[in-house]
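Colleague: To start, I am sharing the structure in question, which I have written as structure tokens.
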């Protein structure tokens, strides 16, 4: 128990794709009670602003002039503050367990004797998939575009073969590897003319979309956060490669 009488707890909260309107009510309530908010990137600052003004905010992701914290460093901070009785919110983009490494932190926290309370979030996979204007096909596959050197390599051939190449693929956190992913899919049997799109800030007011194909998506450079969407067909979608400024699409 902590000095406050509460079991040391970290609230692992999904922030959704970044727009306040996509945040769950439970996430907003937990943020409103937080003493400490630990977040990965400044693009989540608007969400973190729901915390009290006196709450501490710590950015642990990679930023200009700042290296990203390691998982062990993040966990050490969370454990230390939770044990003092603070209300700790670990804010993750999208859903904590979809390409956000939430599972690694949750397991490490549990090993340290910290209670982990999880609040799911809307994953950028679903938002970017719809925003892109591409048909989703009969299945949807999500994958991380950033290969973790400590883990197995992503088998893009296997991912591309899912559902006989009739479904869509959404690649998160892979902005710097779009060309490599596209080339791997083509090598695995996808046509280089297959529709693709890069979505920046899916679900946010500054959302933008650049439509392309597997042959050219590697040259598309939108600011992070950006997701890449690939689909075999696009009835009703973007008729040609273009950039759509945020604000053209209505947001609830």
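The values are calculated or read from the model by the stated rules, or taken from the named source; none is laboratory data. As the structure is a computational prediction, the values presented were derived from the model and not from experiment. Ideal geometry is used to build each Cβ from the backbone, glycine not excepted, and the neighbour counts take in all protein chains shown.
Colleague: Of the conditions (1) crowded, with 16+ Cβ neighbours inside 10 Å; (2) free of Cβ contacts under 8 Å to residues at least 24 places away in the same chain; (3) part of a helix (DSSP H, G or I), residue 61 fails just one. Which one is it?
Modeller: (3)
Colleague: I've got another one for you. Looking at (1) touching a helix residue (DSSP H, G or I) at 6+ places or on another chain (Cβ under 7 Å); (2) surrounded by fewer than 18 Cβ atoms within 10 Å (Cβ to Cβ); (3) farther than 25 Å from residue 62 by Cβ; (4) at pLDDT 90 or above, can you tell me which one residue 214 breaks?
Modeller: The single condition residue 214 does not satisfy is (2).
Colleague: Could you list all residues from the stretch 162-203 that are at pLDDT 90 or above and in a helix (DSSP H, G or I)?
Modeller: 178, 179, 180, 181, 182, 183, 184, 185, 186, 187
Every residue, every condition in (1) in a helix (DSSP H, G or I); (2) without any contact (Cβ under 8 Å) to a residue 24 or more places away in the chain; (3) touching a strand residue (DSSP E or B) at 6+ places or on another chain (Cβ under 6 Å); (4) closer than 20 Å to residue 128 by Cβ, yes or no:
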{"site": "18", "(1), (2), (3), (4)": "no, no, no, yes"}
{"site": "27", "(1), (2), (3), (4)": "yes, no, yes, yes"}
{"site": "45", "(1), (2), (3), (4)": "yes, yes, no, no"}
{"site": "86", "(1), (2), (3), (4)": "no, no, yes, no"}
{"site": "105", "(1), (2), (3), (4)": "yes, no, no, no"}
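Colleague: Out of the stretch 64-83, which residues are surrounded by fewer than 18 Cβ atoms within 10 Å (Cβ to Cβ), farther than 14 Å from residue 40 by Cβ and modelled with pLDDT of 95 or more?
Modeller: Of everything in the stretch 64-83, those that are surrounded by fewer than 18 Cβ atoms within 10 Å (Cβ to Cβ), farther than 14 Å from residue 40 by Cβ and modelled with pLDDT of 95 or more turn out to be 72, 76, 80, 83.
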